[in-house]
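**Q** Following this message is one structure expressed as structure tokens.
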2 protein chains.
Amino acid sequence: MNIAIQGILGSFHHIVANQYFGDTIKLTECLSFDEMPRLINSNQVDGAVMAIENTLAGSILSNYALINEFDLKIQGEVHLPIQHNLMALEGQLLSDIKEVWSHPMAILQCRKFFRDYPEIRLVEAADTAEVAKQIREKQLMGIAAIASKKAAEIFGLNIIESKIQTRKQNYTRFFVLKKNNGNIVIPKVINKASLRFVTHHQTGSLSDVLRIFANFNMNLSKIQSLPIIDDPWNYAFFVDVIFDNYQQFQNAIEKVKENVSELKILGEYQQSKRKYAS
Amino acid sequence: MNIAIQGILGSFHHIVANQYFGDTIKLTECLSFDEMPRLINSNQVDGAVMAIENTLAGSILSNYALINEFDLKIQGEVHLPIQHNLMALEGQLLSDIKEVWSHPMAILQCRKFFRDYPEIRLVEAADTAEVAKQIREKQLMGIAAIASKKAAEIFGLNIIESKIQTRKQNYTRFFVLKKNNGNIVIPKVINKASLRFVTHHQTGSLSDVLRIFANFNMNLSKIQSLPIIDDPWNYAFFVDVIFDNYQQFQNAIEKVKENVSELKILGEYQQSKRKYAS
């Protein structure tokens, strides 16, 4: 099995891919999320792992757009606790570090830690693990990476400070994506779905749709309104619903269809064990 | 009047500050959004301009968190069409450019343009206008900035390509922020409000709250669920509502209070002219 990930070995996407599919899969490293739809739809990979939202940074709307435009399907979800670690070559102390290179999201999540070290320059880079690799290969002194423990292990770096993210409860949610008509693994249970719908432009239309879900005993675990660029008077929504009874879900969907102008099921899958809104 | 902006003169925040307050205000340049609440609450500035969401990149949840935690109030909103321009020293051609430095959001919004120029290296920087300034001051050859037309004017750079953003309709929404008990300007009309509320954990509770808004003839222009980190079973929502009748809005708020466990009005203000969801 070949799974596309964002970043290189040791990235958080790598950790998620192994957690979902096990350790024996082949990985295809991507430099950007944009590469993933093409790889999936041309059968160069069986699926992809794509970050979709973080407790601090919010939803990555451009990734929702990729899923929607290229008609990918969500095969599953993983909530990964993100622990950021400051790492450098063996022997380097915090006082030796002049610059820290990392992904902007990682820098954002660790901002508070670095307030106590204003002399350290924060430099943005394409991938957390890629920096760890560079430090090792080029034997860079005075430079540290913010990356996963796994990256420190793979590239033989020393962790100077662990868990430096501002919020100790820092989660990123990832989607496992597949082709529209494909199936990588058969989920044991289907109890969650991600939907995109467009309501009619009239007061209360969203409330009506949500009422249908409630009437069919379904819980909302996420809702987000989206601008429709070419149609400024209408609203699109991305919604996640959780349910116990798959038949009830299907009945609700039939009813919702009558109340919206567009409806697309982005995926039906098993809810991950981490249970909170968003 | 002294207004804090993210970035330096020529940044999009600068343009918004002038659009809202006119050209005679004093500006305080900030290197990060984090600096703004302290500046406001210690009266070092009268207000701040803060990007809150973009049509492509989505909401900046960490900025919502700053507004909520430091008890700032929204004084107004501005929707700015974001036109990105590629600029360099006079005489430089596109074929001379080896590297483009810009803010990660700007790079994200122009990704498609650079697909045709894979030999150009994209380097992330703290602010769009700051790069334009550096190119000018250090007379950097082979380096281009992605920034506003205003930045090109201020720093005397030549625009090589204009409107290079992927989506021609690319808007960023900014909040004008003030102290909780302060007032920078009195809005002529109040017809929009931003709210944060926490629903009771029971099926259909969100639908019930939205039904109240509909019953009072209010339209929803944005909704977003938020994880509550320390309380994984409850949901917080950021909602924007639009109304014609301020008294109706107040009546609705009284009713909503009875149906939620927490409610905070982040601001009551005049809707900007740009009208679309999010």
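The values are calculated or read from the model by the stated rules, or taken from the named source; none is laboratory data. Because the structure is predicted, anything quoted here is derived from the model rather than measured. Methodologically, a virtual Cβ is constructed for each residue, glycine included, from the backbone with ideal geometry; neighbour enumeration extends over all protein chains shown. Calculation scope for accessible area: heavy atoms of the full protein, side chains included, ligands and nucleic acids excluded. Shrake-Rupley method; radii C 1.70, N 1.55, O 1.52, S 1.80 Å.
**Q** Tell me which of these B:Asn180 doesn't satisfy, since it passes every other one: (1) under 30 Å from A:Ser221 (Cα atoms); (2) within 20 Å of the chain's Cα centre (by Cα).
**A** That leaves (1) as the condition not met.
**Q** Among what's in segment A:19-31 and is free of Cβ contacts under 8 Å to residues at least 60 places away in the same chain and loosely packed, with under 14 Cβ neighbours inside 10 Å, pick the residue that is nearest to B:Pro118 (Cα to Cα).
**A** Start the filter on segment A:19-31 by keeping residues that are free of Cβ contacts under 8 Å to residues at least 60 places away in the same chain, which leaves A:22-30.
Checking the rest, the ones that are also loosely packed, with under 14 Cβ neighbours inside 10 Å come to A:22-24, A:26.
Working: A:Gly22: 34, A:Asp23: 33, A:Thr24: 33, A:Lys26: 27 Å.
Among them, the one singled out is A:Lys26.
**Q** Considering each of B:Ile186, B:Ile135 in turn, give the residue that is away from chain A (no Cβ under 14 Å), in a helix (DSSP H, G or I) and β-branched (Val, Ile, Thr).
**A** Working: B:Ile186 fails: in a helix (DSSP H, G or I).
The match here is B:Ile135.
**Q** For segment B:193-208, which positions are open to solvent by 10 Å² or more (accessible area, probe 1.4 Å) and either among the small types (Gly, Ala, Ser) or part of a strand (DSSP E or B) (or both)?
**A** Result: B:Arg196, B:Gly204, B:Ser205.
**Q** Also, quick follow-up: Restricting attention to segment B:41-63, and to residues there that are of a type outside the set (S, T, N, Q) and assigned to a strand (DSSP E or B), which single residue is modelled with the lowest pLDDT?
**A** Just the residues of segment B:41-63 that are of a type outside the set (S, T, N, Q), to begin with: B:45-53, B:56-58, B:60-61.
After this cut, where a residue has to be assigned to a strand (DSSP E or B) as well, the list is B:47-53, B:58.
Numbers: B:Gly47: 96, B:Ala48: 97, B:Val49: 98, B:Met50: 97, B:Ala51: 94, B:Ile52: 93, B:Glu53: 87, B:Gly58: 75.
Top of the filtered list is B:Gly58.
**Q** Related question: Inside segment A:161-183, can you point out the residues that are β-branched (Val, Ile, Thr) and away from every other protein chain (no Cβ under 14 Å)? Please lay out each step first, then the result.
**A** Within segment A:161-183, the first condition is being β-branched (Val, Ile, Thr), and the residues that meet it are A:164, A:166, A:172, A:176.
A:Ile164, A:Val176, listed by residue number.
**Q** Yes or no: A:Leu66 over 23 Å from A:Ser194 (Cα atoms) and not in a loop (DSSP other than H, G, I, E, B)?
**A** Details: over 23 Å from A:Ser194 (Cα atoms): no; not in a loop (DSSP other than H, G, I, E, B): yes.
Spelling it out, it is not the case that A:Leu66 is over 23 Å from A:Ser194 (Cα atoms) and not in a loop (DSSP other than H, G, I, E, B).
**Q** Right, something else. Looking at segment A:180-228, which of its residues are within 30 Å of B:Tyr171 (Cα to Cα) and basic (Lys, Arg)?
**A** Passing the criteria: A:Arg196, A:Lys222.
**Q** Still on this model: Hey, any hits in segment A:203-221 for a residue that's within 18 Å of A:Glu69 (Cα to Cα) and either more than 7 Å from chain B (Cβ to nearest Cβ) or among the polar types (S, T, N, Q) (or both)?
**A** Step one: list which residues in segment A:203-221 are within 18 Å of A:Glu69 (Cα to Cα), which gives none.
No, there is no match, as no residue in segment A:203-221 is within 18 Å of A:Glu69 (Cα to Cα) and either more than 7 Å from chain B (Cβ to nearest Cβ) or among the polar types (S, T, N, Q) (or both).
**Q** For segment B:84-106: of the residues being open to solvent by 40 Å² or more (accessible area, probe 1.4 Å) and within 11 Å of B:Thr128 (Cβ to Cβ), which is modelled with the highest pLDDT?
**A** If we take residues in segment B:84-106 being open to solvent by 40 Å² or more (accessible area, probe 1.4 Å) and within 11 Å of B:Thr128 (Cβ to Cβ), then B:Trp101 is modelled with the highest pLDDT.
**Q** Looking at the structure I just gave you, is A:Leu177 within 23 Å of A:Ser59 (Cβ to Cβ), outside any helix (DSSP H, G or I) and among the aliphatic types (A, V, I, L, M)?
**A** So A:Leu177 passes the test.
**Q** Of A:Gln109, A:Gln165, A:Gln134, A:Gln139, which residue is among the polar types (S, T, N, Q) and open to solvent by 70 Å² or more (accessible area, probe 1.4 Å)? Don't jump to the end; show me each part of the working.
**A** Numbers: A:Gln109 fails: open to solvent by 70 Å² or more (accessible area, probe 1.4 Å); A:Gln165 fails: open to solvent by 70 Å² or more (accessible area, probe 1.4 Å); A:Gln134 fails: open to solvent by 70 Å² or more (accessible area, probe 1.4 Å).
Matching residue, one of A:Gln109, A:Gln165, A:Gln134, A:Gln139: A:Gln139.
**Q** On to the next question. Of the residues B:Glu119, B:Glu77, which single one is part of a loop (DSSP other than H, G, I, E, B) and either in contact (Cβ under 8 Å) with a residue 12 or more places away in the chain or surrounded by fewer than 17 Cβ atoms within 10 Å (Cβ to Cβ) (or both)?
**A** Numbers: B:Glu77 fails: part of a loop (DSSP other than H, G, I, E, B).
Just a single option satisfies the conditions, and that option is B:Glu119.
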